[in-house]
1. Between Asp78 and Asp53, how high is the FRET efficiency from 1/(1 + (r/R0)^6) when r is the Cβ-Cβ distance and R₀ = 25 Å? Nearest 0.05.
2. According to a simple spin-label model (label point 7 Å from Cα along Cα-to-Cβ), what is the distance in nm between Arg69 and Trp15?
3. Which order, highest average first, do 33-40, 17-24 follow once you tally other Cβ atoms within 10 Å for each residue and take the mean per peptide?
4. Counting Lys and Arg as +1 and Asp and Glu as -1, what is the net charge of the other residues whose Cβ lies under 15 Å from the Cβ of Asp20?
Amino acid sequence: MTSDMESERYTSQRWRPTEDQTQMMTRIYNFGVTHPSRAQVVEITSRLRIFGDASEYNVHCWFNNHGNRVRRWQAEIDPTGTQFSQLPLYMYGKTLITPQFFIENFHFLFYY
């Protein structure tokens, strides 16, 4: 039988991002950063920590999982792939915003 201290050590809690953290990551994803670089993950994580606990691994996994969910949702809505394009979501706006614009204005996304 394990003691309370041992069972505490072996239980891990799943990361549950706050609503603000989820909104921020969703905004970044929709802006076109679907696979953030290591440097971007570090930057995003530091910004997310304002709203609660977050690690770089959590952020990396969130973007990976969110991208998979988006592709699955698109496949459910349009299994033939004729209605949806593989273009990033930011390209559907009224103005074309390039990934370079995002990199130069990265801080803009973090302020409401």
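Every read-out reported here was derived from the displayed coordinates using simple, explicitly stated rules and does not represent laboratory data. The structure displayed is predicted, hence computed values, not measured ones. Cβ: placed from backbone, ideal geometry, glycine included. Neighbour counts: every protein chain shown.
1. Details: r = 37 Å, r/R0 = 1.49.
Rounded to the nearest 0.05, the efficiency is 0.10.
2. Result: 1.4 nm between the two label points.
3. Details: 33-40: 14.1, 17-24: 15.6.
Descending mean neighbour count gives 17-24, 33-40.
4. Working: positive: Arg16, Arg27, Arg47, Arg49; negative: Glu19, Asp53.
Value of the local net charge: +2.
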